[in-house]
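The values are calculated or read from the model by the stated rules, or taken from the named source; none is laboratory data. Predicted, not measured: the structure shown is a model, and the values here were computed from it. Cβ placement follows ideal geometry from the backbone for every residue including glycine, while neighbour counts extend to all protein chains displayed.
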Amino acid sequence: MNNSIIGILGTLLGTLLGWILGRYDKKGKLKIYIISYKNEFLCMDGRGGQTISTSVEQTEDYIMKFDFDVYNSSTETKIMRDITVVFNNGKKDIFFNTPLDDSTRHSNGHWYKYDIIEPINIPPKSISNFSLHTTLDKKELDVIWQTKKIYLTYKGENDKVRKILINEEDYSNYFENHNQEETQNG
């Protein structure tokens, strides 16, 4: 074979390999890691404040707080939008709630206020941390007693819904299970 033909074939193979590797590198995805999860069942304390409740009947509010890391393994910016907390009864999704972003906390005097989570752009080859919370008030509490799984969902740039498990627990027996744990650890 002639040296010029070998040179042309080498150039073509190098170009093709560079294109394939570049496409593969752009195909990276977001990887979500739930770092912490905490929930609180609250009731009025008789002084105008709230305290931890000890029964279903006593509970007036539910607050769930969680932190998660997002790693973008791609060489392109990725988006998370329509971020939602989903309550599932083990068979189907029964309630959807847009979480509040803890980084947006501002005070109006006596109370703190938070904004809902907005779409997030995750820079390439980076990791970002987020702290969110969601609440259910007295009229929504029936949802939590039916819940067996809680998910974080979001849509990426192709509108595909991604679902990440935050917690799995049978909340209908929450107080019985956790009172036993406290007694055992007491």
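So the values come out like this:
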{"read-out": "Unique match (being in contact with a Ser or Thr (Cβ under 8 Å, 6 or more places away or on another chain), of a type outside the set (S, T, N, Q) and touching a residue at least 40 places away in the same chain (Cβ under 8 Å)) among Lys149, Lys163", "value": "Lys163"}
{"read-out": "Index of the failed condition, Arg81 passing every other in (1) surrounded by fewer than 17 Cβ atoms within 10 Å (Cβ to Cβ); (2) modelled with pLDDT under 95", "value": "(2)"}
{"read-out": "Criterion: at pLDDT 95 or above, farther than 19 Å from Lys138 by Cβ and of a type in the set (Ser, Thr, Tyr) - qualifying residue of Tyr37, Tyr24", "value": "Tyr37"}
{"read-out": "Inter-residue pairs, beta-carbon under 9 Å, first assigned to a loop (DSSP other than H, G, I, E, B) and in the range 58-74, second buried (at least 17 other Cβ atoms within 10 Å of the Cβ) and of a type in the set (Ser, Thr, Tyr), 6+ apart", "value": "Thr59/Ser53; Glu60/Ser53"}
